[in-house]
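*Asks:* Got a structure here, written out as structure tokens. Questions coming.
The values are calculated or read from the model by the stated rules, or taken from the named source; none is laboratory data. Values in this document were obtained by computation on a predicted structure and should not be read as measured data. Counting neighbours? That spans all protein chains shown, and the Cβs are built from the backbone with ideal geometry, glycine included. Ligands, DNA and RNA are excluded from the accessible area calculation, which covers all protein heavy atoms including side chains. Shrake-Rupley method; radii C 1.70, N 1.55, O 1.52, S 1.80 Å.
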Amino acid sequence: MFHQTKLKTFVLLAILVGLIIYTMNGSYFGRELVVEVAILAILAISVDMVSGYGGMVSLCHGAIFGLGAYAYAAVNVLMGGPPALAVVAAIVAAFTFGFAVGAVTSRTRGIFFIMATLAFGQMIYVMIFDSKSLGGDDGMWGLTRLDLSAIGVNLESGVQFAIFSVLCIGLTYVVAALILRSAFGRTFSGIHENEDRMRALGTPVWKFKALAFGLSGSLAGIAGALAAQHTMFVSPELVIWTFSGEVLIVVILGGLGTLVGPVLGAVVMVFLKHEISNITTYWHMIIGILLIITVMAGGRGIYGGLEQYLARRAAKAAPASGAKTDA
Amino acid sequence: MLKVANLCKSFGSLVVTDDVSLHLEKGERRVVLGPNGAGKTTLFNLLAGEIAPSSGDVFIDGKSITSLPVEARAHIGLSRSYQKNNLFEGLTIGENLSLAAAVAMGLSGSLLRDTHNDPELRKVVTDVAAQVGLKDMLEMQVANVSYGNRRQLEVGLALANGPKVLLMDEPTSGVGPSMISAFHGLLKTLPRELTVLIIEHDMDLAFDVADSITVLNYGKVVFEGTPDETRASSLVSEIYLGDWDDDA
Ligand SMILES: Nc1ncnc2c1ncn2[C@@H]1O[C@H](COP(=O)(O)OP(=O)(O)O)[C@@H](O)[C@H]1O
Ligand SMILES: [Mg+2]
């Protein structure tokens with residue numbers, strides 16, 4: 001069950017502030033990395049919301065992300081709509097698809113659920129790849145970014161866009177945290193703990209799973225809208241299923257079921273990948289080894305490790321306290 | 001309040017519920033007795049909707065609920081506890097009770113209310129916790145508490161779920177005498193209009209709390225009567241006491 005602890009708030013703020021400082025002092029390439037972190041972090045938050053807190057391990061969030069990006073492009077380019085409307089379209093499309101996946105799969109569990117999400121994701125990929133109107137394998141070009149000049153922000157500027165992306169991480173986190181700590185979110189966690197008892201207590205389980213998956217999907221849609229605006233073009237590569245796997249790795253690396261851990265995981269993943277690929281082309285292997293170490297070390301990821309370390313230190317300082325780890 | 005008409009259930013060729021009919025008045029306290037394997041738990045599973053009957057009907061307040069799914073039955077006030085603990089192991093006792101109370105109060109789907117800090121809901125949770133003797137343990141993780149405490153929570157979940165008809169499946173199984181007498185006390189404090197059906201092995205408790213007793217054997221209702229009639233029945237002592245050693 002979700003609790004916003006002081007440590008979570010501290011780690012989140014430290015990451016956001018750190019990224020903003022890095023953006024302001026960094027190069028063009030540094031800013032690209034920051035946007036990459038933001039997109040990955042938002043997706044990781046959305047995946048953790050359902051996978052970490054609801055046990056719905058998803059291999060279709062990459063596709064929902066891509067669907068969001070394509071919905072943005074479709075409204076923005078094909079229909080000539082303003083970016084704000086395109087963002088709404090991305091969120092609505094992602095929510096709708098997520099809700100449908102959640103509803104249809106609500107009775108499946110474990111590996112069958114994972115495989116079902118993969119199949120739904122592939123469906124989106126095939127539809128996009130085969131669709132002439134969506135540009136087929138060429139994708140779509142000429143997207144425009146949100147116009148925030150009313151509040152003095154110019155997203156055409158690389159620095160401002162990167163900072164905007166970082167703020168989107170914060171926004172997504174707050175939305176996910178509010179959902180998870182609501183009665184709805186707690187019941188959703190209860191379903192994860194003991195689905196049969198939750199149903200016996202009077203919960204229509206499928207509705208909760210569907211809505212949670214839809215809401216999580218809409219956060220993935222935000223990441224999609226951000227990615228579409230960043231590169232200003234979309235292509236089927238956005239929808240490739242391996243990206244879903246990469247996001248899941250980020251979530252597990254950072255700490256499944258900790259919400260802030262996945263943000264930390266995104267930072268580590270992007271910067272490590274960048275640093276290591278400067279030295280060797282085997283960065284996948286290094287990430288793999290890191291993942292194995294995290295899983296072997298108790299499976300609560302980098303954030304879980306940090307939490308445990310601090311709890312141990314606090315316990316040493318005050319031996320009588322019964323420290324409780326919050327999820 | 002609760003009416004069961006000609007309920008049957010077979011698993012393959014094994015008839016586990018054999019033409020069972022019951023009628024409980026509002027506020028009635030009914031104890032179900034019967035040896036192990038008599039089909040008592042199966043009867044509860046049928047009443048709660050966790051399994052479907054081969055034939056027969058279940059009514060609450062005169063309306064058939066036979067085709068309603070589990071969650072819909074809980075909504076109209078049919079609440080149960082389990083013979084085998086069926087809890088939210090990874091959560092605290094308080095969180096467990098909140099989940100049950102939130103459903104009963106119609107809050108469980110709210111995206112705006114944080115039930116963890118909702119005063120109205122906290123009150124229900126602390127009241128139920130006090131009722132089942134877990135008042136000072138709300139912050140404890142279920143995985144870290146004793147078996148006895150889990151039995152208490154098992155009943156607590158059913159109570160926090162806002163029952164009109166309460167089904168309790170061997171609530172005192174495996175606990176010591178002091179907890180049995182505490183449970184005894186709890187039963188006396190339940191609101192008089194609550195209809196209660198208990199599967200119970202403790203004869204003293206059964207005879208003391210029951211308005212009426214139903215005895216099941218091989219899936220059939222073989223006896224129904226007041227506690228005094230039950231005590232006097234030679235059929236019941238034959239079936240039940242003959243099996244006494246196995247059940248203790
Ligand atoms: N799902 C099932 N499949 C097959 N047989 C079952 C099932 N559930 C219960 N039974 C059988 O039904 C009989 C009655 O079981 P149960 O209702 O648990 O009895 P009681 O609660 O009175 O001890 C037992 O013989 C048990 O093995
Ligand atoms: Mg039984």
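*Asks:* On average, how many beta carbons from a partner chain sit within 10 Å of the beta carbon of a residue in A:177-188?
*Replies:* Across the residues of A:177-188, the mean count of other-chain Cβ atoms within 10 Å is 6.
*Asks:* When ranked by the protection proxy of mean other Cβ atoms within 10 Å per residue, highest first, what sequence do the peptides B:221-233, A:299-311, B:84-96 form?
*Replies:* Ranking, from highest mean packing down: B:84-96, A:299-311, B:221-233.
*Asks:* Also, I was wondering about something else. Please compute, for peptide B:82-94, the average count of beta-carbon atoms on other protein chains lying within 10 Å of each residue's beta-carbon.
*Replies:* Taking all residues of B:82-94 together, the mean is 3.
*Asks:* Which value, in square angstrom to the nearest 100, describes the accessible area buried between chains B and A on both sides, using a 1.4 angstrom probe?
*Replies:* About 2300 Å² of accessible surface is lost on pairing.
*Asks:* Applying a 10 Å radius around every beta-carbon, put B:187-193, A:100-106 in order of their mean neighbour count, most first.
*Replies:* Highest-to-lowest ranking by the protection proxy: A:100-106, B:187-193.
*Asks:* Right, here's the next one. Once you treat every alpha carbon in the stretch A:6-241 as an equal point and sum by Debye, what is log10 I(q)/I(0) at q = 0.09, 0.12, 0.15 Å⁻¹?
*Replies:* Values returned for q = 0.09, 0.12, 0.15 Å⁻¹ are -0.38, -0.67, -1.00.
*Asks:* How many Å² of accessible area per residue for the stretch B:89-162, probe 1.4 Å?
*Replies:* 39 Å²
*Asks:* Then there is this: Highest mean first, how do B:5-17, A:45-57 rank when packing is the count of other Cβ atoms within 10 Å averaged over residues?
*Replies:* A:45-57, B:5-17
*Asks:* In nm, to one decimal, how far is the modelled label at B:Gln141 from the one at A:His284, with both set 7 Å along Cα→Cβ?
*Replies:* Result for the modelled spin labels: 3.7 nm.
*Asks:* Heads up, I need the accessible area for A:Cys60: 1.4 angstrom probe, whole protein in place, Å², nearest 10.
*Replies:* 0 Å²
*Asks:* For A:Met115, B:Met1, A:Met79, give me the order by solvent-accessible area with a 1.4 Å probe, most accessible first, ignoring ligands, DNA and RNA.
*Replies:* Sorted by accessible area, descending: A:Met79, A:Met115, B:Met1.
*Asks:* Return the Cα extents of the stretch B:1-54 along principal axes one, two and three, sorted largest first, each rounded to a whole Å.
*Replies:* Principal axes ranked by extent give 36, 22, 18 Å for the Cα atoms.
*Asks:* Could you give the nm distance between label points at B:Lys220 and B:Ala182, where each point is 7 Å from its Cα heading toward the beta carbon?
*Replies:* The modelled label-to-label distance comes out at 4.1 nm.
*Asks:* Give me a single rounded figure for B:99-108: the average over its residues of other chain Cβ atoms within 10 Å of their Cβ.
*Replies:* The mean count of partner-chain Cβ atoms within 10 Å per residue comes to 6.
*Asks:* Past 20 Å, Cα to Cα: identify those pairs from B:Lys40/B:Lys84; A:Lys209/B:Lys9; B:Lys3/B:Lys220; B:Lys26/B:Lys188; A:Lys6/A:Lys207, in the order given.
*Replies:* Check vs 20 Å cut-off fails for A:Lys209/B:Lys9; A:Lys6/A:Lys207.
*Asks:* So what are the ³J(HN,Hα) numbers for the stretch B:90-96, from phi and the Karplus equation (6.51, -1.76, 1.60; θ = phi - 60°), rounded to whole Hz, Gly and Pro as x?
*Replies:* x, 10, 7, 4, x, 5, 4
*Asks:* Once the Cβ-Cβ distance between A:Ala100 and B:Asp204 is put in as r, and R0 is 56 Å, what FRET efficiency do you end up with, to the nearest 0.05?
*Replies:* Plugging the Cβ-Cβ distance into 1/(1 + (r/R0)^6) gives 0.50.
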